[in-house]
Amino acid sequence: MALKFAAAIKKARSELGTITGLELESTISAQPDGDGWRVTLEALEKKSIPDSMDILGIFEVNLDADGNISEFNRVRMRKRIDMDENI
């Protein structure tokens, strides 16, 4: 059974949070990828004071057709205050 859009995002967020132990901040993108999905998420890597200096990691999560993670990678990091035009 094919995984629907919202279910793919929910599954990617849940699984990445469980695997990494990081607090997920936002969903940046989601798109079909073959029989599965590629979801890009942002997670809090390091809490700082002030909050604008928090370190955020950008992760790509690949899900198979059943919603299982087949791969995940941290593709970059940024400070919360930094604008990233590539997102």
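Return only the number of the condition from (1) modelled with pLDDT under 95; (2) under 16 Å from GLU71 (Cβ atoms) that ILE49 does not satisfy. It fails just one condition, (2). Restricting the first member to segment 6-29 and to residues that are in contact (Cβ under 8 Å) with a residue 12 or more places away in the chain, and the second to residues that are exposed (fewer than 14 other Cβ atoms within 10 Å of the Cβ) and of a type in the set (A, V, I, L, M, F, W, C), the beta-carbon pairs closer than 6 Å and six or more apart or on different chains are ILE28/ILE87. Within segment 1-14, if we keep just the residues that are in contact with a strand residue (DSSP E or B) (Cβ under 8 Å, 6 or more places away or on another chain) and in a helix (DSSP H, G or I), the residue that is surrounded by the most Cβ atoms within 10 Å (Cβ to Cβ) turns out to be ALA12. Screening ILE81 with (1) touching a helix residue (DSSP H, G or I) at 6+ places or on another chain (Cβ under 8 Å); (2) surrounded by 13 or more Cβ atoms within 10 Å (Cβ to Cβ); (3) not in a strand (DSSP E or B) gives one miss only, at (2). Across segment 1-46, the qualifying residues are those that are out of contact with any Asp or Glu (no Cβ under 9 Å at 6 or more places or on another chain) and among the acidic types (Asp, Glu), and the one among them that is modelled with the lowest pLDDT is ASP33.
Is it the case that ALA65 is part of a loop (DSSP other than H, G, I, E, B), in contact with a strand residue (DSSP E or B) (Cβ under 7 Å, 6 or more places away or on another chain) and either under 21 Å from LEU3 (Cβ atoms) or modelled with pLDDT under 95 (or both)? The answer is yes for ALA65. Within segment 15-55, restricting attention to residues that are touching a strand residue (DSSP E or B) at 6+ places or on another chain (Cβ under 8 Å) and assigned to a loop (DSSP other than H, G, I, E, B), the residue that is surrounded by the fewest Cβ atoms within 10 Å (Cβ to Cβ) is SER48.
The values are calculated or read from the model by the stated rules, or taken from the named source; none is laboratory data. The structure displayed is predicted, hence computed values, not measured ones. As a convention, Cβ positions derive from the backbone with ideal geometry for all residues, glycine included, and neighbour counts pool all protein chains shown.
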